[in-house]
1. When N counts the residues of segment 1-53, how does its alpha-carbon radius of gyration compare numerically with 2.2 N^0.38 Å, as a ratio?
2. Work out the length of the dipole vector of the chain about its Cα centre, built from +1 on the beta-carbon of each Lys and Arg and -1 on the beta-carbon of each Asp and Glu, and round it to the nearest 20 debye.
3. Need the full-extension length gain, Asp73 to Arg45, defined as separation in residues times 0.36 nm minus the C-alpha distance. One decimal, nm.
4. How many percent of the alpha carbon pairs in the chain exceed a separation of 18 Å?
5. Can you send over the carbon and sulfur percentage of the accessible area for segment 24-116, probe radius 1.4 Å, protein chains only?
6. Considering only C-alpha atoms, what is the centroid distance from segment 77-116 to segment 1-57, in Å?
7. Test of understanding: what is the full-extension gain from Arg103 to Asp85, defined as 0.36 nm times their sequence separation minus their Cα-Cα distance?
8. Quick one: Karplus J couplings for segment 87-95, per residue in order, coefficients 6.51, -1.76, 1.60, θ = phi - 60°, nearest Hz, x for Gly and Pro?
Amino acid sequence: QAQLIESGGRLVQAGGSLRLTCVASGRAFSSDDWGWFRQAPGKEREFVATINWTGQRTTYADSVKGRFTISRDNTSNRVYLQMNDLQPEDTAVYYCNLAAKPRIPWGRGTQVTVAS
């Protein structure tokens, strides 16, 4: 029923910027806390950022704090991740989902590759 579609990832040089978009459909959206996650090759999926239902409170992993900004548009069921000053260690498949379990089945994700 519910589907998650991530987009916006591509190959970018170190120091560059990207804006990822998450579209959620098939379920209620505005009252949920949402998050971005990422998974690098050979590593477990990890937390990147979260945003509460009003958009007033956000949290970030230490590795991205000060460089990434999460935001949301409840009217259109979209969550965004603005990524600045990208580094090679940011290379991963990026996913969106509910901030807490139980979660929606994971989408395909969007590949972000940062070249040095």
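1. 1.35
2. Values: 14 positive and 10 negative charges, 45 e Å.
In total the dipole reaches around 220 debye.
3. Values: separation 28, 0.36 × 28 = 10.08 nm, distance 2.47 nm.
Here the segment from Asp73 to Arg45 would lengthen by 7.6 nm.
4. Working: 2965 of 6670 pairs.
Taking all Cα-Cα pairs of the chain, the fraction more than 18 Å apart is 44 percent.
5. Values: 2300 of 4880 Å².
C and S atoms contribute 47 percent here.
6. 5
7. 3.5 nm
8. 10, x, 5, 7, 4, 4, 8, 9, 10
The values are calculated or read from the model by the stated rules, or taken from the named source; none is laboratory data. Everything quoted here is computed from the prediction, not taken from an experiment. When we count neighbours, we look across all protein chains shown, and the Cβ atoms used for this are built from the backbone with ideal geometry, even at glycine. Please note that ligands, DNA and RNA were not included when accessible areas were found on the heavy atoms of the full protein model with its side chains. Shrake-Rupley method; radii C 1.70, N 1.55, O 1.52, S 1.80 Å.
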